[in-house]
1. May I ask you to work out the translational diffusion coefficient for chain B at 20 °C, viscosity 1.002 mPa s, via Stokes-Einstein with Rh from the Kirkwood sum over Cα pairs, reported in whole µm²/s?
2. Would you work out the charge dipole size for chain B about its Cα centre, treating the Cβ of every Lys and Arg as +1 and the Cβ of every Asp and Glu as -1, and quote it to the nearest 20 debye?
3. Rounding to the nearest 10 and keeping the result within 0 to 90°, find how far the Cα-based axis of helix C:420-447 lies from the longest principal axis of chain C.
4. Roughly what % antiparallel, to the nearest 5, for the DSSP beta bridges in region A:50-173?
5. What is the mean number of Cβ atoms from other protein chains located within 10 Å of the Cβ atom of each residue in peptide C:302-315, rounded to a whole number?
6. If you take the charge dipole of region C:17-195 about its Cα centre, with +1 on Lys and Arg Cβ and -1 on Asp and Glu Cβ, which of C:M101, C:I32, C:L162 is farthest toward its positive end?
7. What is the projected area of the convex hull of the Cα atoms of chain C, averaged over all directions, in nm²?
8. Charges at C-beta only: +1 for Lys and Arg, -1 for Asp and Glu. How large is the resulting dipole of the protein assembly as shown about its Cα centre, in Debye rounded to 20?
Amino acid sequence: MENTGIASSNRKTSRWLLLFVVGMFGFGYALIPLYDVFCEIVGVNGKGIQIDTSNQSLAINRDRTIAVEFTGSIMGGLPWDFSPAKKVFVHPGETVRVAYLATNLASTDVTGKAVPSISPTKATRYFIKAECFCFNNQTLAADEQKEMPLVFKVDNDIPESVKTITLSYAFFRAEETEAGDTSS
Amino acid sequence: MKLVRSFNASRISGVILAYTALLFGALIASPAYAEYGLNFKTPVTEIAHIEYDLHMLILYICIAIFVVVFGVMFYSIYAHRKSKGSVAAKFSHSTNAEIIWTVIPIIILVTMAIPSTEALIRMEDTTNSDMTVKITGYQWKWHYDYMDHDVEMFSSISTPRAQIENKQEKGENYLLEVNNHVVLPINKKIRLLITANDVIHAWWVPELGAKKDAIPGFINEIWTKIDKPGRYRGQCAELCGKDHGYMPIVVDAVTEEEFEAWVQKQKQG
Amino acid sequence: MTATTADHHDDHHDHHPSGIGRWLFSTNHKDIGTMYLWFSFCMFIIGGLMALIVRAELFMPGLQLVTPHFFNQMTTNHALIMIFGAAMPVFVGLANWQIPMMIGAPDMALPRLNNWSFWLLPPAFTLLIGSLFSPGGAPAGGWTMYPPLSIQTGMGMDMAILAMHMMGISSIMGSINIIATILNMRAPGMHLMKMPMFVWTWLITAFLLVTSIPVLAGAITMLLTDRHFGTQFFDAAGGGDPVMFQHIFWFFGHPEVYILILPAFGVISQVIPTFSRKPLFGYSSMVFAVAAIAFLSFIVWAHHMYTVGMPLAGELFFMYSTMLISIPTGVKIFNWVATMWRGSMTFETPMLYAIGTVFLFSIGGFSGLMLAITPSDFQYHDTYFVVAHFHYVIFGGTITGAFCAVYYWLPKWTGHMYDEKLGKIHFWLTVIGMNITFFPQHFLGLAGMPRRIPDYSLQFTEFNMMSTGGALLLGLSQILFLYIVMKAIKGGEKATDQVWDGAEGLEWTLPSPPPAHTFTTPPLVK
Ligand SMILES: [Cu+2]
């Protein structure tokens, strides 16, 4: 009698634990969206850059000037070359247009995509993009050279300590399928 | 049997004593012994100084606690042994003692946490820099882009293969020499943007106190301000494949004039 | 009448099958425990040989014996085999042998599951070691398997991932079994707060396992789908992030460290009172400290990744939480010292090992506190200082703790005293070898030698030579251990039931060696 009692509580304990194990496996996966939310809040890894295509103008604070510099890197497997936009000095609130110049070195069409990242991270959430070549995959024909525009402004609330913002793009080769939207 | 036991016990204390002595002798001997490779290399930037001082502070505190705790333990091992006729006491707890040895560590930790926090805040402040160098890790070389000077270059190991394969005598800077040195001006706040092209690397020059992961797709930043002209050598610090041990870094810290001259030369060359 | 037949049948089933059948189909906790112990010893030797290859290559600057790629395979597999093949199974073996005897249970709660969880291990490690012979070789990106490097590896990585899934399932089943045993099978009167510390530490360790291993399983599954099925969890090109793997991995990885060390704490909490002839000091604060360490181990993971470029607030949080762990850890060490204080101590081999564990683990603990300090960690990170630190913790804490346990309970298991003199020699050789191997690595790290490199600049030569010499001594000494154990199995002075005159607890009321089935009628605990 007693033995069957123990056996059934053993079964019960193991069932609960098994359920817990499955839950923890799921938790591992749940860490991914959680991490993305976290990145957006603190502005790590280019996540949290604001996108505002409405083009409404902000008040311009002429007392402050922020240097915005541009860079990037071509990742392995993408036969492109590029030159970044020149460094610009902007007032918070002011809308600015710059462009990267990309060249396809291959003799076939190549599709690439750009993944942004901003330094310092605390500036990320105050960087507002109205238009960016990183919104979509970009296809360059053989030997084509293309200007890739970026329209942005810097929010007025950006912390006082930020004097320079660096915007960097990593250019990856996109899947050879059609150029669609990318999640970044 | 008893004899064997006490012999062993005295050996314990003997070895332990020798051990503590070694620990003391070796670790306390700080900057003076630096050239023998026992401690951090002599720091040449504010950040490296901060790291060094913090390291020594924590180390001293740890050694002090270590000596007290193990002093008590080895005294007990010496005095409270059966072979000396020690009779076991019966106590199995003491609330006072337990409160004391919870509270004291908390106080010690707080005294450690305060300077550490200050140091970290100082280190993370990359604002007001005078120039920016972008560093990209590749399998297995570094790329440097002087963003304000329009100068860029790759830098890879220059130690001859024959030295690595033991066919030739190894030079003084074996494995720590490169074809293109990173030339940086002293007394300037330099912002280093660090990224990678393929896998994760880490850019590390011990004397500068600068180490940061280079992550493909994203940029990291640190800053450095070198006080002393000189040649500082470092290595990749994150396993990045088979030649991870062969992607060194050489920084030449020079005066501002020398730096400008170097930039001009690079542009012409 | 039926009862006696059943009894007889059981007896027949578990006792008499000789040869391989006894082991293959065993559901007896003692037999399974023995298999775990032997298995982990084999892995200890294989992992140790890999370490010796690494140390031999590092004896001098320059490449002498192996290629850098093979060197990286050795460091990676040394770690995987030592952690998952030696350090974890040895304590599962000890749990199998001891927990039922210590809580007055007839066997583990789920004997058949127990058989499966053991028998998953040999194929898992065959697969892992077999990856060495696959095209492209075994995983070579470190046991931490950081992408994108681990995405570049050949099919050896897939074999390793599969092997790790099997090990993970094995440990999860083992843990479920241990938890069920402890919660449901205790003898009447054995309240939770009366359980021996070894049982307590295992209960908490088992909870750490069921919490963290599934997260590891998730991480390596994502790695696998990133490699072959087009997901981009860890690829910036697809909106992923390689650093995220590190977060998930260390969410498992840090509790893993405590999975390795807590049962060793349990062992020395049994041994020190025995040889001090005095009850354990501060039993309830010990239990509380273990629970606190276990809880904290889930909120400190990012201290392994201070250099990835976390925001300031994150670095501060992980620095503070990591520093906090030293408080419960300190409580444990103080309690052990207080247990010795005014005791009546003798120094047989298990006691020597217990003292050695406290001492060596503490060195690792202090270097751990130094590593916790974010600003100075920027200098220590990924250097030999870290290598020295975790070998003091895992060799100095876990492995010496396991030796301590084996010497302590071996007379109970075999019925014979081991050779005390040889045991002491083994202790001294191991401790001296261990210190010669790992202590100089502190200096190497501080002076700037990165970890995981097959070759180094000339300034690091002397300490590397010393370290390699120590490793050879350390490795060879383990042959003596095998000899001591074999000798005690074959014969020797008869052990009494109590074995040690200060020993207390249910296992010491049983005969030495205990019959296959013990406590079939539960003992009454006062
Ligand atoms: Cu590298």
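1. Estimated via Stokes-Einstein, D reaches 95 µm²/s.
2. The dipole of chain B has a size of about 2000 debye.
3. In chain C, helix C:420-447 runs at an angle near 20 degrees to the longest axis.
4. Given both bridge residues lie in region A:50-173, the antiparallel proportion sits at roughly 75 percent.
5. The per-residue average across the peptide is 5.
6. The residue sitting most towards the positive pole is C:M101.
7. Mean orientational projected area (chain C, Cα hull): 25.0 nm².
8. 3420 debye
Computed from the coordinates by the stated procedures, all read-outs in this text should not be read as laboratory data. Keep in mind the model is a prediction, meaning the values are calculated, not measured. Cβ atoms come from the backbone with ideal geometry, glycine included; neighbour counts cover every protein chain shown.
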